[in-house]
1. So which residues in the stretch 406-426 are free of Cβ contacts under 8 Å to residues at least 60 places away in the same chain, part of a helix (DSSP H, G or I) and of a type in the set (A, V, I, L, M, F, W, C), if there are any at all?
2. Give the number of residues within the stretch 207-244 that are in contact with a Cys (Cβ under 9 Å, 6 or more places away or on another chain) and assigned to a helix (DSSP H, G or I).
3. Go through Arg312, Arg226, Arg307 for me and flag whichever is farther than 30 Å from Thr112 by Cα, out of contact with any helix residue (DSSP H, G or I) (no Cβ under 9 Å at 6 or more places or on another chain) and charged (D, E, K, R).
4. Suppose the filter is open to solvent by 40 Å² or more (accessible area, probe 1.4 Å), among the basic types (Lys, Arg) and without any contact (Cβ under 8 Å) to a residue 12 or more places away in the chain; does Arg388 pass it?
5. Just give me the residues in the stretch 402-421 being closer than 16 Å to Val272 by Cβ, at pLDDT below 95 and either touching a Ser or Thr at 6+ places or on another chain (Cβ under 9 Å) or open to solvent by less than 10 Å² (accessible area, probe 1.4 Å) (or both), in sequence order.
6. Of the residues Thr33, Thr55, Thr37, which single one is touching a residue at least 40 places away in the same chain (Cβ under 8 Å), in a loop (DSSP other than H, G, I, E, B), under 14 Å from the mean Cα position of the chain (by Cα) and under 25 Å from Tyr289 (Cα atoms)?
7. Search the stretch 253-281 for residues that are among the hydrophobic types (A, V, I, L, M, F, W, C) and part of a strand (DSSP E or B) and pair each with any residue that is open to solvent by less than 30 Å² (accessible area, probe 1.4 Å) and modelled with pLDDT of 90 or more when their beta-carbon atoms are under 6 Å apart and the residues are at least 6 apart or on different chains.
8. Tally the residues that are open to solvent by less than 30 Å² (accessible area, probe 1.4 Å) and either touching a Cys at 6+ places or on another chain (Cβ under 9 Å) or within 14 Å of Gly25 (Cβ to Cβ) (or both), restricting the search to the stretch 56-73.
Amino acid sequence: NVNEALGIAASNFYGAPSRALKLVGITGTNGKTTIATSLFRLFRRLGHKAGLLSTIENRINDRIVATTHTTPDAMAINKLMRTMANAGCEYCFMEVSSHALTQYRTAGLRFTGGVFSNLSQDHLDYHVTLDNYLAAKKSFFDHLPSDAFALANADDPSTERMLDNCGARKFYYGMETLDGGYAGNHHANVGAPPCGCPPRESPYTCRILESRFGGMRLSMDGTEIRTGRIGRFNAYNLLAVYAAAVLLDQPRNRVLACLGALGSVAGRFESVESDEAGSTPGVTAIIDYAHTPDALENVLQTINHIRDTNARVITVVGAGGDRDRTKRPLMAKIATRMSDRVVLTSDNPRSEDPARIIEDMRQGIEAENAEKVMTVIDRKQAIKSALRLAKRGDIVLVAGKGHENYQEVKGVRRHFDDKEVVTEILMENC
């Protein structure tokens with residue numbers, strides 16, 4: 001296998017840098033960037049030198065290195081890790097994509113640990129089936145060494161298959177309900193679960209005590225903490241960060257003390273409040289990278305759970321061109337079911353006609369929700385239309401692009417930043 005050989009050769013050429021670091025890989029459909037970035041920030045706060053390989057940026061301590069892929073190619077990975085090791089980094093936190101795994105970009109790397117966040121439909125344009133997609137993620141855990149740790153979301157139904165044949169030390173994290181039970185399926189239970197699966201070590205646990213747009217109050221493994229992050233999915237992400245840090249031998253109390261101060265991650269449930277002197281006073285805009293059905297549903301569930309009774313939810317959403325067409329109608333169905341108004345628009349159409357992409361999305365809209373929907377192909381005008389529809393107290397979700405600062409149309413990338421556009425429109429007439 002030429003790609004696998006390249007990974008091994010790249011590692012050897014750069015002096016096996018992954019063995020000079022404690023390398024932790026994070027994989028799953030949603031949450032990879034947040035978990036990896038949060039681990040990096042946490043370990044820097046704890047006083048460690050560390051590196052980061054992520055969708056948003058690569059970092060070597062405080063130095064930012066531009067990124068073009070979630071997981072770089074094998075030569076770039078090893079070159080970056082050698083630079084990290086030479087800079088005295090002890091740790092590296094790395095997003096591991098399904099594409100990278102099937103293309104052997106991680107071949108030759110030695111991981112100290114792996115984290116699995118969740119699995120839902122994505123990248124079927126590449127993997128064709130969900131089983132192939134799962135198998136790609138699973139291959140990461142299949143190849144972890146026996147002295148590494150495998151940390152998995154106990155509440156995700158794919159966890160059992162994901163860690164099947166994994167020879168690493170297995171650990172689990174899961175959400176507790178207020179009555180002390182578990183939020184997810186039986187996989188979160190301590191001991192032998194009723195399905196007959198093998199007994200598991202006690203999971204790391206978290207319970208949401210309070211959730212508002214200003215943040216959450218959590219019980220993290222029995223200790224109360226506060227965070228400015230919002231939503232159940234962010235509670236899962238923080239719990240994964242906490243558990244991974246403890247498994248990396250960091251002092252529990254210091255980890256808990258730092259968790260609440262990690263801040264938000266760019267384009268992940270970022271909120272922008274309108275100015276009272278602006279054109280749309282009293283409106284909250286949320287910018288989020290949600291570009292899969294599951295991620296969009298999670299964000300909208302969070303908004304609907306927290307919003308005031310009279311507040312409306314207005315969602316701006318599109319779907320990427322030259323990517324999985326089957327998720328387009330699902331995205332539209334979720335948006336229209338869980339929002340009061342929906343504006344369908346362009347995401348990154350790439351080589352496709354954006355009108356055709358939107359027509360694919362419309363196939364998922366149920367008849368009773370059709371009147372909620374308007375179409376504005378130009379993304380900036382779509383965001384402006386949504387914000388103009390909003391009244392005091394309403395929430396406008398701009399979904400799909402998050403941290404991205406470009407829009408790709410007919411193979412050409414031009415600058416476009418959802419947060420910049422939202423802020424500009426909200427500041428009009430100030």
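The values are calculated or read from the model by the stated rules, or taken from the named source; none is laboratory data. Note that the structure is predicted; figures quoted are calculated from it, not measured. Cβ coordinates were reconstructed from backbone atoms using ideal geometry, including for glycine residues, and neighbour counts include every protein chain displayed. Accessible surface areas use protein heavy atoms only, side chains included; no ligands, DNA or RNA. Shrake-Rupley method; radii C 1.70, N 1.55, O 1.52, S 1.80 Å.
1. Matches in the stretch 406-426: Val421 only.
2. So the count comes out to 5.
3. Only one candidate qualifies: Arg307.
4. no
5. Selection gives Gly402, His403.
6. Values: Thr33 fails: in a loop (DSSP other than H, G, I, E, B); Thr37 fails: in a loop (DSSP other than H, G, I, E, B).
Unique residue meeting the criteria: Thr55.
7. Once the first residue is among the hydrophobic types (A, V, I, L, M, F, W, C) and part of a strand (DSSP E or B) and sits in the stretch 253-281, its partners that are open to solvent by less than 30 Å² (accessible area, probe 1.4 Å) and modelled with pLDDT of 90 or more give Val272/Ala285; Val272/Val422.
8. The number of residues fulfilling the criteria is 4.
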